[in-house]
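Nothing in this text is a laboratory measurement; each read-out follows from the coordinates by a stated rule. Because the structure is predicted, anything quoted here is derived from the model rather than measured. All Cβ positions, even for glycine, are placed from backbone atoms using ideal geometry, and neighbour counts span all protein chains on display.
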Amino acid sequence: MLSGLNVKIEKGSYTAILGHNGCGKSTLAKLLCGILLPTEGNVSVAGMDTANEENAFEIRKRCGMVFQNPDNQLVASVVEEDIAFAPENLGLARDEIRRRVDEALATVDMSDYARHATHKLSGGQKQRIAIAGVLAMGPDCIIFDEATAMLDPTGRKEIVAAMKRLNKEMGMTVVTITHYMNEAVEADRIIVMNQGEIIADGTPEEIFSQVEVLHSVSLDVPQVTELMFLLEQDGFPLPRGILHAMDAADELEKFIGEQKNERA
Amino acid sequence: MLKDVTFGQYFPGNSLLHRTDPRIKIILLIEYLVLVLVAESLPAVALSLCFTAFLIAVSGVRFGILIKSVKPLIFVLAFTAVINLFFTKGESEPLLEWKFITVYSEGVRTAVTMLIRLLSMVLGSGILISFTTSPLELTDAIERLLKPLKAIKVPVHEFAMMMSIALRFIPTLIEETNKIISAQKARCADFESGNIIKRLKALVPILIPLFVSAIRRAEELADAMECRCYRGGEGRTKLKVMKTRPTDFVFLASVTLFTVAIFFVNMIEFSEVIAFCADIF
């Protein structure tokens, strides 16, 4: 599936992996937390080789994963019992489990739902519970494997906000696998994959400056970036790699101002 | 289509039975089943009925729910009663003789006791276990009660885990089944007409997608569980610890006494009770 991959994800970074279906991004995620083992080469997490069976538990403890389908990762019928699953597996004392459950629930802003039935929650809420379930394990890194793909726009916003908070406020390493450009924009670094290979790697500005490259692997760019790109193609001297609507507005304002000055 | 299933449903509440230790409740259920099956003479059956009424009273489960839980079994109950009524041979004069049908007084009695027994069993197990115990509490209790079996290599933890996951996925799979039914209906599948074989055949396009998706779900869930450091029951702790309160033991003791009492009451025949009463007056 994957070939010629050489990636290093820094501690405390926020990385997005982009690519369309079947390009190997989920495989990469599963390799990262040791569910899949590489047939060639090696993957190491915090200096531990995933191929070594003895490290498996320690790696999983440090590297949590949130999956795509919220229904298929909730183990228990009641919210707090589900979140307690990971700390229970770690064999922690009851008080410590209680503390971690409450803390994780507060982090995802779901404290009021502790005693609710999991199947009655909305998609976004279920996914937040899944995040809390991973947080309760106390990982250094969380991988989101298309965690927003099955959610409605509101749910998606909630999850992206949670990811940002985990990274910026709690200093957690976040890796998000997605095909929503607007999510990738939030990251500090973007890795673009196609057919099992990395074709681009850099900051969002760098990546989205290469509109042709993204289009060649049938990926979109954010709407604003696309607009600026089309204007540039039509001969307007505008910069590339604009990601936010306000930046675009500023650039256009500047450009129009210059035009006026020239005429005057 | 699947809305009326009350089996395995939990109705949250705060009644005496809700607060009873689930382990005690399982033992109570066993005692209760023994009690119902043992009660044979009329006084004993009457006594066991009183006990069922007592359970209903302390469970705080609404009457409508009880009726709903018995509803799907009406056919089975009626069938058993009728068979017992017509096919029990008695020694006394038949009560009714018409063509090939003969009804003896023993037949009436067996039919009635059978009906009461079955009803009590359905209601009792519902009240004691499923309606008043959350699924997780229940599986936890089973795991703890069966713990001694670990010594002879029975996979108690795995069994309990499987059960709690199965219970967790019941609502999810019901929802999914309804979706599949709608999808197949949208493609003109017909589930309601034709004879029984035709209708059973119509279920195939529902069951196959359901199984496929259930297996896919299972695979994903296994990955998710591994990711959350699951490695079997070894070294696992629990968020909730079960506590048996003194009232639970009082409850248990009184039910045990009651069961023993039933054994003795069983020996008294109804006719003897009448004779006894006649003696007094």
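Using only the Cα atoms, work out Rg/Rh for chain B, with Rh taken as the Kirkwood radius, to two decimals.
Rounded to two decimals, Rg over Rh is 1.05.
What order do you get for B:V156, B:V76 when you list them from fewest to most C-beta neighbours inside 10 Å?
The order, fewest Cβ neighbours first, is B:V76, B:V156.
Ranking B:F51, B:F263 by Cβ neighbours within 10 Å, fewest first, what do you get?
Fewest-to-most ranking of B:F51, B:F263: B:F263, B:F51.
Leaving out same-chain residues fewer than 8 places away, which lysines sit with a Cα under 16 Å from that of B:K147?
Partners found: B:K238.
Just to confirm the number: angle between the C-alpha axis of helix A:223-233 and the first principal axis of chain A, 0 to 90 degrees, nearest 10?
30
Under a GNM of chain B (C-alpha, springs under 10 Å), which listed residue has the highest mean-square fluctuation: B:S164, B:S92, B:S254?
Of the options given, B:S92 has the highest mean-square fluctuation.
Treating each Cα of the stretch B:101-258 as an identical point scatterer and ignoring solvent, apply the Debye formula and state log10 I(q)/I(0) at q = 0.13, 0.17 Å⁻¹.
Evaluating at q = 0.13, 0.17 Å⁻¹ gives log10 I(q)/I(0) of -0.98, -1.14.
Just counting partner chain Cβ atoms within 10 Å, what average do the residues of peptide B:211-222 show around their Cβ?
Per residue, the number of nearby Cβ atoms from other chains is 2 on average.
Kindly provide the helix-only [θ] at 222 nm of chain B, computed as the sum of -39,500 (n - 2.57) over DSSP H runs of four or more divided by all residues, to the nearest 500 deg cm²/dmol?
-22500 deg cm²/dmol
Considering Cα pairs under 8 angstrom that are at least six residues apart, work out the relative contact order of the stretch A:167-264 and quote it in whole percent.
About 19 percent, as a whole number.
Which of the aspartates and glutamates could a cross-linker span from A:K25 if the Cα-Cα distance has to be under 13 Å and same-chain partners fewer than 8 positions apart are dropped?
A:D145, A:E146, A:E197
Nearest-5 percent of antiparallel DSSP beta bridges in the stretch A:14-204?
30
If you add up the charges near A:S111, with Lys and Arg at +1 and Asp and Glu at -1, over every other residue whose beta carbon is less than 12 angstrom from its beta carbon, what do you get?
-3
When the convex hull of the Cα atoms of the stretch A:104-167 is projected onto a plane and the area is averaged over all directions, what value comes out in nm²?
4.2
Pick from A:R115, A:R240, A:R128 the residue whose mean-square fluctuation is largest in a GNM of chain A, springs joining Cα atoms under 10 Å.
A:R115
Who wins for biggest fluctuation among A:T118, A:T39, A:T225 in a Gaussian network model of chain A, springs between alpha carbons below 10 Å?
Of A:T118, A:T39, A:T225, the most mobile in the Gaussian network model is A:T39.
Per-residue counts of other Cβ atoms within 10 Å, averaged by peptide: what ranking do you get for A:73-83, A:184-194, highest first?
A:73-83, A:184-194
Distance cut-off 20 Å, Cα to Cα: go down the list A:K120/A:K164; A:K126/A:K164; B:K25/B:K240; B:K71/B:K201 and report the pairs above it.
Listed pairs above 20 Å: A:K120/A:K164; B:K71/B:K201.
Compute the helix-to-body angle for B:42-59: its Cα long axis versus the longest principal axis of chain B, expressed 0 to 90° and rounded to tens.
Compared with the principal axis, the helix lies near 40 degrees.
Between 0 and 90 degrees, rounded to the nearest ten: what's the tilt of helix B:135-145 against the longest Cα principal axis of chain B?
Tilt relative to chain B: about 70 degrees.
Using Cβ contacts closer than 10 Å as the measure, can you line up B:T244, A:T50 from fewest to most?
Least crowded to most crowded, the residues run B:T244, A:T50.
Quote the relative contact order of the stretch A:1-144 in percent (integer), defining contacts as alpha-carbon pairs under 8 Å separated by 6+ residues.
Relative contact order of the stretch A:1-144: 26 percent.
Shielding by partners for B:233-243, please: the mean number of other protein chain Cβ atoms within 10 Å of each residue's Cβ.
Across the residues of B:233-243, the mean count of other-chain Cβ atoms within 10 Å is 5.
Using helices alone, I'd like the mean residue ellipticity at 222 nm for chain A: each DSSP H run of four-plus residues gives -39500 (n - 2.57), total over residue count, nearest 500.
After summing the helix terms and dividing by the residues of chain A, the value is -12500 deg cm²/dmol.
Taking one equal scatterer on every alpha-carbon of chain A, how large is log10 of I(q)/I(0) by Debye at q = 0.16 1/Å?
Scattering profile of chain A, log10 relative to I(0): -1.19.
What do the square roots of 5 times the Cα gyration tensor eigenvalues come to for the protein assembly as shown, in whole Å, largest first, as semi-axes of the equivalent ellipsoid?
The equivalent ellipsoid of the protein assembly as shown has semi-axes of 63, 28, 21 Å.
Counting alpha carbon pairs within less than 8 Å and at least 6 residues apart, what relative contact order, in whole percent, applies to chain B?
Dividing the mean separation by the residue count of chain B yields 31 percent.
What translational diffusion coefficient, in µm²/s and rounded to a whole number, does the Stokes-Einstein relation yield for the stretch A:222-264 at 20 °C and a viscosity of 1.002 mPa s, taking the hydrodynamic radius as the Kirkwood radius over Cα pairs?
Reported coefficient: 201 µm²/s.
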